[in-house]
Structures are given as C-alpha cells and as structure tokens.
1. Once you charge only the Cβ atoms, +1 for Lys and Arg and -1 for Asp and Glu, what is the size of the charge dipole of the chain about its Cα centre, to the nearest 20 debye?
2. Once you keep just the Cα pairs under 8 angstrom separated by 6 or more residues, what percentage relative contact order results for the chain?
3. Go through S32, L80, F50 and say which Cα lies farthest out towards the positive end of the charge dipole of the stretch 19-144; charges sit on Cβ, +1 for Lys and Arg, -1 for Asp and Glu.
4. With the full set of protein chains in place, find how many percent of the accessible area of the chain is carbon and sulfur; take the probe as 1.4 Å.
5. In Å, what Kirkwood hydrodynamic radius results for the stretch 93-139 from the alpha-carbon pair distances?
6. Output the relative contact order of the stretch 41-118, whole-number percent, from Cα pairs under 8 angstrom with separation of 6+ residues.
7. Order of 19-29, 59-69 by packing, highest average Cβ count within 10 Å first?
8. Counting each DSSP H run of 4 or more residues in the chain as -39500 (n - 2.57), what helix-only mean residue ellipticity at 222 nm follows after dividing by all residues, to the nearest 500 deg cm²/dmol?
Amino acid sequence: MRTPRIRHYLALLVLAAFLPVAGLALALFALSMRAEHETAWQRAEARSTFVAAALQTQTDALVGTLDVLSSSPALAEGDLAAFHAQARTITGERVDAVSLVRPDGMTVLNSRVPPEQPPPPFSGPVEDVRRARAEKRTIVTAVV
C-alpha cells in the first residue's frame, strides 16, 4: 500500500485553510446583502411617505379651492359666465378643469372650455357622483 505523498498533505492543508476563509467571505456577503436590502426598503418607504404627503397636500389644496368656488356669489346667482371666469382665475394652471355637473350627470360648465361652447361630457360614473353628494364628500375624477 502506498503512503500519501507530501503533495496530498499540502493540498489538504490549503483546502483546510481556504474553507474557513470562503465561509467567512460568504457570511460577510450575505450580511452585506441583507443590509443593502434593508436600506433599500427604508429608502422606498421614505419616498412613498413623501409622495403620499405631497399628494395629500395637493388634494387638500384642491378641496380648499373647490370649497371657495362652491361659495361663490356668482354660482349662487346662477351667473355661469362670471363663475367660469372666477374658476379659471382661481385654479390657473394648477387644475385641469373645474366642472359643474347636474345630478343627472350632464355637464353644465367646464372651466377650460369657453362658456359659449358646449362642455365635454363628465368623465366619472354618475353613481359615484350621486353617492359622494349624498355622503357630502368631495369627488376628484381622472386622477393620473
């Protein structure tokens, strides 16, 4: 029977020294990946919180604008041309359009269309508008 040569012992010695180093490198890599993953989730959470807060601020401003417009004397008097001018001035370029919609879903006025032209049809489901009106909620349609 042949005895193992020194080369075999050296190869086993190198392998015995390499395995713990490789194991440590893998463990450090896994810890690094876990830390990167956690950091990415924290960043995503912070960004989504920021976007949600910005959207809430814009929605609150829009609801405030609509509240101001809903108490307009021109609207109370039925002067749609004056209300149109007021809505266009107040909303500026911040809002796509303010529409007045009858309970049957017919659009009476759209602030982006001159008063003498027929307004485009209302884009939201009439039932949603009726439900919001019954619950005294604000409804914002076509949010993209």
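1. Details: 15 positive and 14 negative charges, 264 e Å.
Dipole about the Cα centre, nearest 20: 1260 debye.
2. It rounds to 11 percent for the chain.
3. S32
4. Numbers: 7250 of 11430 Å².
About 63 percent, which is the carbon plus sulfur part of the accessible surface.
5. 11.4 Å
6. Details: 46 pairs, mean separation 15.6, N = 78.
Over the stretch 41-118, the number comes to 20 percent.
7. Peptide ranking by packing, descending: 59-69, 19-29.
8. Working: 4 runs with 91 residues, N = 144.
Mean residue ellipticity at 222 nm (helix-derived): -22000 deg cm²/dmol.
The values are calculated or read from the model by the stated rules, or taken from the named source; none is laboratory data. Being a predicted model, the structure only gives us computed values, none of them experimental. Note that we place each Cβ from the backbone using ideal geometry, even for glycine, and neighbour counts take in every protein chain shown. What goes into the accessible areas is simple: the full protein's heavy atoms, side chains included, and nothing from ligands, DNA or RNA. Shrake-Rupley method; radii C 1.70, N 1.55, O 1.52, S 1.80 Å.
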